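Notes to accompany the following structure.
Here, each number is a calculation from the coordinates, and none is a lab measurement. Quick caveat, the model's predicted, so the values are computed rather than measured. In this analysis, Cβ positions are derived from the backbone assuming ideal geometry, glycine residues included, and neighbour counts consider all displayed protein chains.
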Amino acid sequence: MGKTYSKGLEGVIAAETKMSFIDGEKGVLEYVGIPIGELASHSTFEETVFLLWNLRLPKKDELARFQAELRKRYELPAGMAQRLLSLPRDAKPMHVIRTMVSALSMHDLNPDANDIPSLREKALNILARTPTLLAYFHRYRIGMPLVAPDPSLSIAENFLYMLNGERPTETMAKAMDVCLVLHADHGLNNSTFSARSVMSTQSDMYSAVTAAIGSLKGPLHGGANEGVMVMLNEIPSVDAAEKYVLDKLARKDKIMGFGHRIYKSYDPRAKHLQVLARQLASDTGNIALYDKSKRIEEVMATAVAAKGIYPNVDFYSATTYHCIGLPLDMFTPVFVIARIGGWAGHVIEQMGDNRLFRPDVDYTGPHGVAYTPVTKR
Ligand code: SDX
């Protein structure tokens, strides 16, 4: 078979999926053929996860059963909370969740079972318990009592409830849920590639999701939403945005929340998040954040849109998460909660038609080198 070198695997197709379709030129994203805008407007995160894992929307009773399966797993296994509360209070939430999802495997009687029913069971456990792990850690690090999960609440609502110790408003719960829908799956992004690559060795669901969390943490990937917020906080006013952006571009710095390996047009998720960010910013007295974002977008449109650089999913999610009241270092962990829906689905797809991921490498070092004894070096 002929070998071609594509740095960063750009343009290489490494798997097949029936879950999400992206047209980068037209700015189209569909989950199982349904446009992302339809799902953001009419679906819920739980229904969207069912769609991704079953490749169809659930009937009413199926959705109720799926929700019940998730909600009965919100509680942590015995011993997990104690392990969580032994971590340093100043540990970073992305390191915490990478560690604790991995630790969940030690409470699974059959962690390496890779038959599809077992993989689905593990996926339910990880998805249901990740919000609890994150919220418990946050309460612990701020010295507040843990808030036990409420199985009458959705994943989005329950996460905000456990995090803040009070029920979120309907608006905030809905905004959180829409964000989870928008972030659930996205083709073979780096973290999904990582999950599928690990699963292709027939390892296990916990190892695959742990690897994916490590990948998502990177500022070029899921970590960008935190980087956007840092940038918005650094820019003192709307008027200062243009100089800030142009100076960074002049230094060849990347503007967080912009650009994409696949989208060479406006990320359809960003369009939805922009509307959500504007509404929430207006409701919560943060309209300056939104105005700065719009100004940055205008400057970037003039400076780099010709290169196909547009806002991506992380640009307006930053303002949205801030207005929902999430701490800055919880922005990327929220992306983890959502993307477990995609990662778990891809792990199951990989096992359904597996071939070990093993690309080749172009060796550029020397040959025929004699061994030099240490006494002669
Ligand atoms: C996510 O893959 C997915 O689907 C990811 C994701 C998902 O849902 O899983 O969509 C989520 O990770 C979104 C991306 C979040 N990352 C950021 O916002 C970080 C900032 N963005 C860039 O680092 C960059 O755009 C990437 C990493 C997202 C994509 O980079 P590529 O495809 O490797 O593009 P590149 O770095 O080769 O850039 C091509 C050109 C370069 O200019 P030249 O050297 O050709 O002159 O575009 C420039 C880059 O300098 N460029 C940017 C830029 N992104 C690209 N210039 C300024 N700011 C940017 N953000």
| said: Please list, ordered by chain and number, the residues whose modelled amide H lies under 5 Å from the amide H of Ser20; skip anything fewer than 5 residues away on the same chain. | reply: Val32, Gly187
| Suppose every K and R has +1 on its Cβ and every D and E has -1 on its Cβ; what is the size of the dipole of segment 281-337 about the Cα centre, in Debye to the nearest 20? | 160 debye
| Want the number for Thr375 to Asn286: 0.36 nm per residue separation, take away the alpha-carbon distance, what's left? | 25.3 nm
| Say R0 is 51 Å: what FRET efficiency, to the nearest 0.05, do Val304 and Leu109 get from their beta-carbon distance? | 0.45
| said: Can you compute the charge dipole magnitude of the chain about its Cα centre, using +1 on each Lys and Arg Cβ and -1 on each Asp and Glu Cβ, nothing else charged? Give it in debye, rounded to the nearest 20. | reply: 940 debye
| query | Residue by residue, what Karplus-based ³J(HN,Hα) values in Hz, rounded to whole numbers, does segment 88-105 have, using 6.51, -1.76 and 1.60 with θ = phi - 60° and x for Gly and Pro? | reply | x, 4, 9, 5, 7, x, 5, 5, 5, 6, 4, 6, 6, 5, 4, 5, 4, 4
| note | Computed ³J(HN,Hα) along segment 282-288: with the Karplus parameters 6.51/-1.76/1.60, θ = phi - 60°, integer Hz and x for glycine or proline, the list is 5, 5, 10, x, 10, 4, 4
| query | Taking amide hydrogens as modeled 1.01 Å from N in the peptide plane, which residues meet the under 5 Å criterion relative to Val28, leaving out close sequence neighbours? | reply | Asp23
| remark: Mean separation of Cα contacts under 8 Å (at least 6 apart) over the residue count of the chain, i.e. the relative contact order in percent, is 23 percent
| Across segment 141-157, in residue order, what do the Karplus-derived ³J(HN,Hα) couplings come to in whole Hz, using 6.51 cos²θ - 1.76 cosθ + 1.60 with θ = phi - 60° and x for Gly and Pro? | 6, 9, x, 9, x, 5, 10, 5, x, 10, x, 8, 9, 6, 4, 5, 5
| query | Hey, which of these cross-link pairs are over 19 Å Cα-Cα: Lys60/Lys271; Lys26/Lys264; Lys92/Lys217; Lys7/Lys271; Lys243/Lys271? | reply | Lys60/Lys271; Lys7/Lys271; Lys243/Lys271
| field | Whole-Å distance, taken between Cα centres, linking segment 286-344 and segment 1-41 | value | 20 Å
